[in-house]
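Notes for the one structure printed next.
The values are calculated or read from the model by the stated rules, or taken from the named source; none is laboratory data. Note that the structure is predicted; figures quoted are calculated from it, not measured. We place every Cβ from the backbone using ideal geometry, glycine too, and count neighbours over all the protein chains shown.
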Amino acid sequence: MINTIHSVNFLLPILYLFTFAIYIYDFFKDESKVYNTKRVLLFVTLFIHVLYLLLRTIEFNHPPITNKFEIFTVLAFSLGFAYFLLELLTDIRGTGAFIILFSLIFQIVSSIFIQDLVEVKEVLRSKLLGVHVMSALLGYSGFTIAAVHGVLFFLLYKDIKLNKYGLVFKRLPSLEILEKLNFYSVVIGFILLTISMLIGFLWLPSAFPDFSYSDPKLISVSIVWLVFFIGILSKLIAKLYGKKVIIFSLVGFVVAIISLLMSNLIADTFHSFY
Amino acid sequence: MNLIGISINYRTSPIELREAVNLSFDEQKKFISALKNNILKEGFVISTCNRTEIFGIPATSNVSTADLYEELKKFRNVENLNKNNIEEYDSHSSLKHIAKVASGIDSLIIGDSQILSQCKESFRLSVDENFSNTITRKIFDIAARVGKRAIRETLISQGAVTVSYAAIQVVEKIFANLEKKEALVIGAGETSELAAIHLKSRNIGKITITNRTIEKAGQLAKKVSGETVNFEEFTDHLYKFDVILSATGSKNLLVTFDDIKKAISKRRGTPIFIMDIAIPRDIDPSVKKIDNVFYNDIDSLNVIVDQNLNKRKDEIPRVEQIISEEVDNFYNWHNTLGVVPTIKSLRSFFEEIEHDELEKIKNKVTEEDYIKLEDMAKRLIGRILHNPTIKLRKLAEKGDNIDNANQHTSTLKYLFDLDNKPLNGKKKNGK
């Protein structure tokens, strides 16, 4: 089985590269013949990726969340999967290349540096921790997809304002749709992050003897949660539209990245396992 | 094939002349009757605002394109129509030209999708007036197929090529669902009407018209199932509208920067699309500086029109390839025209012999044996004729050596005396 895992580990970046290539080709050329091919290729890539994650879990007897590079491959999958769901639900296909690019980068880094760890801390074998980490990663994937749509919104907004009718104008969906995609991604990301945080608050104190509510990672994630919470409320209650809502999601994304970097690289936290 | 044709179009003639030779549906009928007398034995007439064209097979070898032009001149009584206003076509160029017209690449606005249905109407009229036969009907088929393939297989009809349509293209990049949007049309002239009709055709939720003369606003509102608002107070209602379109003849600005600023703040930032297609402009262009206001005037919309026209021009070689394929198909078909009757005669010659010989033995064998013999005779003739039929047809369809095909056809006719129709295996004269 280990040989299969290594082969798929080598194959996955190639599959993501092909998928990205076909999405970017479609973005530039808009040819109907690749319209369905790209979706099928993304599906095949994700299917192989999920098998890979299952194989790793079975072979090494722990979910693939025990080191940064396992997290990266899960992140690559969750980004691709979240986009795939969004594409299926909305049938809007013009933005895929910009999201699959993130999957490609994470998977390349993961495939190069990933290690086959059999011996890990006992707590990392916990299923609840698996759900906690997976929902957090899917939540962050939602915020990433929202941010990508937010950036695309601004690009299109700028082009229409300046009466520039180039590639961005031709290929992207309308501003209203980009805003909707951004908002849906934020809401899905927010729900998943909330689930992850609830599991964390309820289960982590019993699992970690040195658990602390003043832990830097907990505080930083709470800030991220608060930013998105205010953003969602301002859209639903204050009926904010367009640019202002997008700005919230972009600020939230930047805060999320900064907090992740700071809490992982600088602060000392019980949350660090590797 | 001796197909001839003339075309008076936007390249050759000014609008006054095109109007003078334009034929209404009833006039086309009358003109076809005139042509049928002694000029064309089959053909058709196309007449639109940009072209009047006559094509057909001459009734006699003396008829030329000059006769078509003289007949049209006489029919419409147009004195100032001269040779310079006319494009003349012979057999090969006629067919290519008709295909070009049907595909839209010969139109003033390249890729014009209306021309195909106009061609089809002309073809239908020709059929209804008994002015078409085998060749012209095949030409109709080829032209219609070229038109359909051009739309299906190329981008020749894609993209907005008028300012109003270009504006709709921009609106659709801002709003996802026009059914929930409201539009205000300022002015009730021809341009406003056209734009309002475009908006209506895109199922915009509601259209409101305002005009100095309220009656005119009412008339246009009725046409597009919309409402009206008083011209003196329309600026107070600007915040209600997602799309504002202005096309009046006013010399002064009708909508100021402050009007739009107030409207957008009442809308909490929900975007407004403004299309000012008036000259001089009706809306202060500085409104484009306001957040969530998307302002377009004629110049900016013409950028889209030009882009789309260029894109359509790039598609012309692909359409020409389709035309070339279909013209080849036509000639393949045409080349078989002489061969098919010979094949039919040959087959009927053998079938007559078969029938005659079977009749002779009908009463000499049992019914069961007769059926077997009948089957055998049919198979025998089928096998004998298989190779000559296929080879002759292929030779004609290839079209590169039609003389060879004609020679083989003549040999067959001579050897089997096919010009004298056989009667039960015997010649008509009883020899």
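What to note about this one:
- Selection status of A:Tyr213, touching a residue at least 60 places away in the same chain (Cβ under 8 Å) and away from chain B (no Cβ under 11 Å): no
- Residue match in segment B:211-224 (condition: of a type in the set (Gly, Ala, Ser), without any contact (Cβ under 8 Å) to a residue 24 or more places away in the chain and within 14 Å of chain A (Cβ to nearest Cβ)): no
- Test result for B:Leu81, in a loop (DSSP other than H, G, I, E, B), under 18 Å from the mean Cα position of the chain (by Cα) and within 18 Å of B:Leu17 (Cβ to Cβ): no
- Residues satisfying the stated conditions in segment A:56-68, i.e. modelled with pLDDT of 85 or more and crowded, with 17+ Cβ neighbours inside 10 Å: A:Arg56
- Failed criterion for A:Val133 (all others in (1) within 14 Å of chain B (Cβ to nearest Cβ); (2) more than 25 Å from A:Ile24 (Cα to Cα); (3) β-branched (Val, Ile, Thr) hold): (1)
- Answer residue from segment B:246-274, given it is of a type in the set (A, V, I, L, M, F, W, C) and within 12 Å of chain A (Cβ to nearest Cβ) and is farthest from B:Thr208 (Cα to Cα) among those: B:Ile264
- Selection status of A:Lys217, closer than 30 Å to B:Ser286 by Cβ, surrounded by 15 or more Cβ atoms within 10 Å (Cβ to Cβ), basic (Lys, Arg) and in contact with a helix residue (DSSP H, G or I) (Cβ under 8 Å, 6 or more places away or on another chain): no
- When A:Leu75, A:Leu51, A:Leu88, A:Leu79 are checked against the criterion of being modelled with pLDDT of 90 or more, of a type outside the set (Gly, Ala, Ser) and assigned to a helix (DSSP H, G or I), a single residue qualifies: A:Leu51.
- B:Ile264 meets the conditions (1) surrounded by 15 or more Cβ atoms within 10 Å (Cβ to Cβ); (2) under 42 Å from the mean Cα position of the chain (by Cα); (3) at pLDDT 90 or above in every case but one. The failed one is (2).
- Test: residue in segment B:389-397 that is assigned to a helix (DSSP H, G or I) and at pLDDT 85 or above: yes
- Filtered residues of segment A:1-55 (kept if more than 19 Å from A:Ile105 (Cβ to Cβ) and of a type in the set (Lys, Arg)): A:Lys29, A:Lys33, A:Arg39
- Annotation: of all residues in segment A:226-245 being hydrophobic (A, V, I, L, M, F, W, C) and within 11 Å of another protein chain (Cβ to nearest Cβ), the one that is farthest from B:Ile174 (Cα to Cα) is A:Ala238.
- Hey, A:Asn182 closer than 30 Å to B:Ser300 by Cβ and out of contact with any Gly (no Cβ under 9 Å at 6 or more places or on another chain) or not: no
- Considering segment B:278-306, and only residues there that are surrounded by fewer than 17 Cβ atoms within 10 Å (Cβ to Cβ) and among the polar types (S, T, N, Q), the residue that is nearest to the other protein chains (Cβ to nearest Cβ) turns out to be B:Asn302.
- Residues of segment B:43-65 classified as surrounded by 22 or more Cβ atoms within 10 Å (Cβ to Cβ) and hydrophobic (A, V, I, L, M, F, W, C), total: 5
- Count of segment B:144-173 residues which are surrounded by fewer than 19 Cβ atoms within 10 Å (Cβ to Cβ), free of Cβ contacts under 8 Å to residues at least 60 places away in the same chain and facing chain A (nearest Cβ under 10 Å): 1
Per-residue answers, yes or no, for (1) modelled with pLDDT under 85; (2) not aliphatic (A, V, I, L, M):
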{"residue": "A:Asp116", "(1), (2)": "yes, yes"}
{"residue": "A:Ser126", "(1), (2)": "yes, yes"}
{"residue": "A:Gly142", "(1), (2)": "no, yes"}
{"residue": "A:Val168", "(1), (2)": "no, no"}
{"residue": "A:Leu172", "(1), (2)": "no, no"}
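- Taken residue by residue, segment B:174-183 has at least one member that is surrounded by fewer than 20 Cβ atoms within 10 Å (Cβ to Cβ), away from every other protein chain (no Cβ under 14 Å) and assigned to a strand (DSSP E or B).
- Residue in segment B:227-241 that is over 21 Å from B:Thr191 (Cα atoms) and buried (at least 22 other Cβ atoms within 10 Å of the Cβ) present: no
- Matching option when the condition is in contact (Cβ under 8 Å) with a residue 24 or more places away in the chain, away from every other protein chain (no Cβ under 14 Å) and either acidic (Asp, Glu) or under 27 Å from A:Lys164 (Cβ atoms) (or both), among B:Ile186, B:Ile207, B:Ile197: B:Ile186
- Just one of the listed residues (B:Leu40, B:Leu23, B:Leu68) is under 16 Å from B:Ile135 (Cβ atoms), at pLDDT 90 or above, in contact with a Phe, Trp or Tyr (Cβ under 9 Å, 6 or more places away or on another chain) and surrounded by 14 or more Cβ atoms within 10 Å (Cβ to Cβ), and it is B:Leu40.
- Screening B:Leu17 on (1) of a type in the set (A, V, I, L, M); (2) exposed (fewer than 14 other Cβ atoms within 10 Å of the Cβ); (3) touching a residue at least 60 places away in the same chain (Cβ under 8 Å) shows it passes everything except condition (2).
- If only residues of segment A:169-190 that are among the hydrophobic types (A, V, I, L, M, F, W, C) and within 11 Å of chain B (Cβ to nearest Cβ) are counted, the one that is nearest to the chain's Cα centre (by Cα) is A:Leu181.
- Qualifying residue in segment B:74-86 (condition: closer than 30 Å to B:Val305 by Cβ and surrounded by 17 or more Cβ atoms within 10 Å (Cβ to Cβ)): yes
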